[in-house]
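Okay, structure first, notes after.
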2 protein chains.
Amino acid sequence: MARATIEDVADAAGVSVATVDRVLNGRAAVRPKTVERVEKAIRLLNYQSDRLAARLARSKEYRFCFILPEGSNAYMTLLADAVREEALRMAQEKVVIDLRHTDVFSADVLGQTLDKISGLYDGVAAVALDHPRVRESINALCERGVAVVTLVSDVPGSRRTHYVGIDNAAAGRTAATLMGRYLAGRRGKVGLIAGSLSLRDHVERQFGFEQVMLHEYPGLTLLPVREGRDDWQIVQGVAAQLLHDHPDLIGLYNVGAGTRGIVGALEAAGRQRQVVYIAHELTDESRRALIDGTIDIVINQDAGHEVRSAIRVLMSRTDRSPIVEAMERIRIDIYVRDNIP
Amino acid sequence: MARATIEDVADAAGVSVATVDRVLNGRAAVRPKTVERVEKAIRLLNYQSDRLAARLARSKEYRFCFILPEGSNAYMTLLADAVREEALRMAQEKVVIDLRHTDVFSADVLGQTLDKISGLYDGVAAVALDHPRVRESINALCERGVAVVTLVSDVPGSRRTHYVGIDNAAAGRTAATLMGRYLAGRRGKVGLIAGSLSLRDHVERQFGFEQVMLHEYPGLTLLPVREGRDDWQIVQGVAAQLLHDHPDLIGLYNVGAGTRGIVGALEAAGRQRQVVYIAHELTDESRRALIDGTIDIVINQDAGHEVRSAIRVLMSRTDRSPIVEAMERIRIDIYVRDNIP
DNA sequence: AAGCTTCTGATAGACGCCTATCAGGAATTG
DNA sequence: CAATTCCTGATAGGCGTCTATCAGAAGCTT
């Protein structure tokens, strides 16, 4: 038995296809009694509109925009590449994807960018700063019916449709567990470097890391966080200082970007193998360092997955179809030398 | 500028749409010169057929079959659930998915099953045994134009379209690296339990594990593999024996199923915390054990991903469209207590 | 050049849904 | 009860492609 069509539903409900369509797409006022009849028929026949046919008929373009930080952060470059790649693929399916770069560290600039694009797109995916000004702009977009998803870093109080990214506190805990186990039984200091403590994801990772570290591995002394501004040169300075100040440093967790700086500092100090170093995001740099043993573990969120997930979410939001939660959960990937993809 | 349609191509090439269609779908003989003209127009306009419209027009059902082992192996149950779930979702897109269980450990039975279904399906995904008899049947299916993908366990010499699963040797190496690091500096014995040494994936994992273990962690003594037949009761016996024979056992890697048996044995011996235990596949059982600390690490391949990947591959194979390699690479997931999804 | 085969063009009718229009029927109002 | 307003039915046309048919054109053979 083939799938039910709109016609079947119309017949079953004793109404015309036009009316079924009106009910399905809220096109015009339909008497409640009729609506109910139609809905009953739909349930009865287990009707599901054919999305392929619907999209063909609507022949509507989906217009989405990705907003990423400007600058040359390695992971953000990966994300941008993923966006461009998907943009190409999705072009076949009438999905137009623009990519914009902006200073996401400035709430005002990011807010203005968000305000400006209102009306141009059906949906927006943004790596956002958690700040009232930004929240305001996000809410304004939602108000006007634009679907908004936050990417990598969330803005919790806002009306964003969805957050596409990992649970950063859990990522921090994961790092701590691995750090603790790798340093099993040893005593010494563990350093923590973040990009900026005004970035929500960094703070959350730090929180998770400290939480597990303090409770489960009291033998390890956690040093106060230092900020590296996600800039490898600054990070290198910070790391070098840390290594210099603490000859008994045996662990290092870099919550943000700037892997290159840490690798540099470790090599300069000749302590690559003495320090267990856990970094975030699998980039060319970290992949290399992982293979040669300078980095022991990389915690990653798959850029390609995130972009595809964001697109799927924006699309279902745009045509009001449900999403499959399980499919849109971004995993916390752990990489050691041997399971690099 | 909107996307080019078949009509645009026809105009550009100075032929009729019928001819363009003949070229595109190899429907009838077309003079080489004409073919070339059409192809040139296609390139010029960068034409890509609208897959939505094509599938709608063809209104053809894709018929696929998944063949899984019978029995109650926890991971296979997860796989089966994933298949059923996807079957439901894909039904909306005119994809019919059947699920069959068979004794995949017997080459003859599996081979016969494969032979029998020839002609009923456009594609088959099977958890297959690497055996000449099976290879034969797979090749026969391919010969008749049925797309075949191997799932979880590969059959290398065969003509299967694709292998959907992880690199098992790499998984074994990953386990070894984690084992080595978790046991950093300690001396003692490490046990290895496999389901069956006639299963390709198990052998490969063992190979990878031993390779890294022997080279990188000479302080650890690797005990000879024992077989547990993927049955938790047998596994429990094997593990208990192992624990009894070796009071200095400090590591255990279970390459196959039967986690429940090992957990049972460890608990019975009261040595949950003394032994670093690495298991495969995230099931309810292993998740629980991971959280309470009996299992230290789970190496997993995502059942949902594998099923979806297999379906995507079968579909593109069926309508001769290319696949995105990067998207179909199944990752080796590492789970500790803190990053369980 | 006639006769034959091989190509090509034109066109109609799906596929399942969307959009729009218009007329007529039902419900509501005074 | 008539005059409105509100709902509904019927239907046409379109989205981009596939499938099928048939007539006529082009190419080849002898």
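Which numbered condition trips up A:A326, out of (1) at pLDDT 95 or above; (2) out of contact with any Pro (no Cβ under 8 Å at 6 or more places or on another chain)?
Exception for A:A326: condition (1).
I need every pair where a residue in the stretch B:136-165 that is under 21 Å from B:G304 (Cα atoms) has its Cβ under 6 Å from the Cβ of a residue that is of a type in the set (F, W, Y), sequence separation at least 6 or different chains.
B:T150/B:Y163; B:D154/B:Y163
Being touching an Asp or Glu at 6+ places or on another chain (Cβ under 9 Å), part of a helix (DSSP H, G or I) and either modelled with pLDDT under 95 or among the hydrophobic types (A, V, I, L, M, F, W, C) (or both): is that true of A:A128 here?
On the way: touching an Asp or Glu at 6+ places or on another chain (Cβ under 9 Å): yes; part of a helix (DSSP H, G or I): no; either modelled with pLDDT under 95 or among the hydrophobic types (A, V, I, L, M, F, W, C) (or both): yes.
So A:A128 fails the test.
Listed here are the residues, each with its yes/no results for (1) within 16 Å of DNA strand C (Cβ to nearest atom); (2) touching a residue at least 40 places away in the same chain (Cβ under 8 Å); (3) in the same structural domain as B:R320 (by TED's automatic domain parsing); (4) among the β-branched types (V, I, T).
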{"site": "B:L24", "(1), (2), (3), (4)": "yes, no, no, no"}
{"site": "B:A29", "(1), (2), (3), (4)": "yes, no, no, no"}
{"site": "B:K33", "(1), (2), (3), (4)": "yes, no, no, no"}
{"site": "B:E39", "(1), (2), (3), (4)": "yes, no, no, no"}
{"site": "B:S72", "(1), (2), (3), (4)": "no, no, yes, no"}
{"site": "B:Y75", "(1), (2), (3), (4)": "no, yes, yes, no"}
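Among B:L52, B:L45, which is more than 8 Å from DNA strand C (Cβ to nearest atom) and at pLDDT 90 or above? Walk me through how you get there before you give the answer.
Numbers: B:L52 fails: at pLDDT 90 or above.
It is B:L45.
Report those helices (runs of 4 or more DSSP H) wholly inside the stretch B:232-326 carrying at least 3 residues which are out of contact with any helix residue (DSSP H, G or I) (no Cβ under 9 Å at 6 or more places or on another chain) and in contact (Cβ under 8 Å) with a residue 60 or more places away in the chain. Give the derivation first.
Numbers: elements: B:232-245, B:259-269, B:284-292, B:303-318.
Where helices (runs of 4 or more DSSP H) fall fully within the stretch B:232-326 and carry at least 3 residues being out of contact with any helix residue (DSSP H, G or I) (no Cβ under 9 Å at 6 or more places or on another chain) and in contact (Cβ under 8 Å) with a residue 60 or more places away in the chain, they are B:303-318.
For (1) modelled with pLDDT of 95 or more; (2) within 11 Å of chain B (Cβ to nearest Cβ); (3) touching a Lys or Arg at 6+ places or on another chain (Cβ under 9 Å), each residue gets a yes or a no:
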residue	(1), (2), (3)
A:I278	yes, no, no
A:E281	yes, no, no
A:A289	yes, no, yes
A:T294	yes, no, yes
A:D302	yes, yes, yes
A:E306	yes, no, no
A:S309	yes, no, yes
A:S321	no, yes, yes
A:I334	yes, yes, no
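Sort out which residues of the stretch B:27-37 are in a helix (DSSP H, G or I) and within 12 Å of DNA strand D (Cβ to nearest atom), and write them in order of number.
Our first condition is that a residue be in a helix (DSSP H, G or I); within the stretch B:27-37, this holds for B:32-37.
B:P32, B:K33, B:T34, listed by residue number.
Determine which single condition B:R63 fails, assuming it passes every other condition in (1) within 25 Å of A:D50 (Cβ to Cβ); (2) within 8 Å of DNA strand D (Cβ to nearest atom).
(2)
Do we have any residue at all in the stretch A:157-172 that's in a helix (DSSP H, G or I) and surrounded by fewer than 20 Cβ atoms within 10 Å (Cβ to Cβ)? Spell out the reasoning first.
To start, the set of residues in the stretch A:157-172 that are in a helix (DSSP H, G or I) comprises A:168-172.
With surrounded by fewer than 20 Cβ atoms within 10 Å (Cβ to Cβ) added as a condition, the list becomes A:169-170.
Yes, the stretch A:157-172 contains at least one residue that is in a helix (DSSP H, G or I) and surrounded by fewer than 20 Cβ atoms within 10 Å (Cβ to Cβ).
For the stretch B:212-231, what are the residues that are surrounded by 15 or more Cβ atoms within 10 Å (Cβ to Cβ), assigned to a helix (DSSP H, G or I) and in contact with a strand residue (DSSP E or B) (Cβ under 9 Å, 6 or more places away or on another chain)?
B:M213
The values are calculated or read from the model by the stated rules, or taken from the named source; none is laboratory data. Not measured: the values here are computed from a predicted model. Methodologically, a virtual Cβ is constructed for each residue, glycine included, from the backbone with ideal geometry; neighbour enumeration extends over all protein chains shown.
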